[in-house]
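J.: Starting off with a structure, shown below.
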Amino acid sequence: MPTFADLRQQVCEANHDLHRHGLVHAHSGNASGIDREAGVVLIKPSGVDIQTLRPEALVATALDGRRLAAREVPDGIASPLRPSVDLRHHLELYAADPSLGGIVHTHSIHATAWALVERPIPCAMTSMADEFGGDIPCAPYVDNADDHIARAIMAHRTRAPAILLGRHGVFAFDRTPALALKAALLTEVAAHTVMLAMGLGTPARFSDAEIEKWWQRYHAGYGQQPPA
């Protein structure tokens, strides 16, 4: 069973990987994770160098956004830094979907290009059918006031573990920070690949039936099964 210390390390590594994979530039983007049992969220601090981020610098908050004192955090570590300005969107998504354990936000170049024209990325290749189960949706532009971003995401998301937010960027989410990071990375790969294909012709979107076939195969049998 992963510990809170494990979660802290996973969130830190997810933030590092955002930069390592070229999904963020300068101080943009963030990754978070939640310990549901403790009711504690860990998120990247605002405006810090993501490459040198240390686990103890992650900001711990309650689901209502209140920053926690050391005595309220399972590992006793309370960062003095301010949390990401995107904290509210993360918290509202965690509250809206109890299955989420990690969230990543990026402005990766090719995926954000699709977001700028407010177009979903069509499911035109088998790896997209596997991972996303269809198109990667795009929510229309909303401002960042109040709960507008989280509401737009929840209104337009599908079973895909990622969504484009019009004229903004990418939000990806899954059971763990590592899986959310994977979804963000594969969103950028899909955005780039389909964009390249469009320079050669018009990539054909799979039928819903064909998408379902690939999705079911991937989620029923891909990877290694734990020993009996």
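Just so you know, all these numbers are worked out from the coordinates, no wet-lab data involved. These figures come from a predicted structure and were not determined experimentally. All Cβ positions, even for glycine, are placed from backbone atoms using ideal geometry, and neighbour counts span all protein chains on display.
J.: Relative contact order for region 4-221: what percent, with Cα pairs under 8 Å and sequence separation of 6 or more?
T.: It comes to 21 percent, rounded to a whole number.
J.: Further question: Given the rule -39500 (n - 2.57) for each run of at least 4 DSSP H residues, summed and divided by the residues of the chain, what is its mean residue ellipticity at 222 nm, to the nearest 500 deg cm²/dmol?
T.: The per-residue figure over the chain is -12000 deg cm²/dmol.
J.: Once you place label points 7 Å from the Cα toward the Cβ at H21 and Y141, how far apart are they in nm?
T.: Distance between label points: 2.7 nm.
J.: State the extension gain, in nm to one decimal, for the chain segment bounded by D208 and A155, taking 0.36 nm per residue of separation less the distance between their alpha-carbons.
T.: Contour length minus Cα-Cα distance gives 17.0 nm.
J.: Which semi-axis lengths, in whole Å and largest first, follow from the square roots of five times the eigenvalues of the Cα gyration tensor of the chain?
T.: For the chain, the ellipsoid semi-axes come out as 30, 20, 16 Å.
J.: What does the charge dipole of the chain about its Cα centre add up to, to the nearest 20 debye, if the Cβ of each Lys and Arg holds +1 and the Cβ of each Asp and Glu holds -1?
T.: With only Lys, Arg, Asp and Glu charged at Cβ, the dipole is about 160 debye.
J.: A follow-up question, please. When a/c reaches 1.5 or more, the comparison of a/b and b/c decides; with that in mind, is region 34-100 rounded, prolate or oblate per its Cα gyration tensor?
T.: oblate
J.: Also: Please work out the C-alpha center-to-center distance from region 86-114 to region 48-85 and express it in whole Å.
T.: Between the Cα centres of region 86-114 and region 48-85 lies a distance of 18 Å.
J.: For labels at A220 and A96 in the simple 7 Å Cα→Cβ model, what's the distance in nm?
T.: If labels sit at A220 and A96, their model points lie 3.2 nm apart.
J.: Could you calculate, for region 1-62, the ratio of the Cα radius of gyration to the Kirkwood radius, expressed as Rg to Rh?
T.: Radius of gyration relative to Kirkwood radius: 0.97.
J.: Per residue of region 171-181, what does 6.51 cos²θ - 1.76 cosθ + 1.60 with θ = phi - 60° give for ³J(HN,Hα)? Whole Hz please, x for Gly and Pro, Karplus curve as stated.
T.: Going residue by residue, I get 10, 10, 7, 6, 6, 9, x, 5, 5, 5, 4 Hz, with x marking Gly and Pro.
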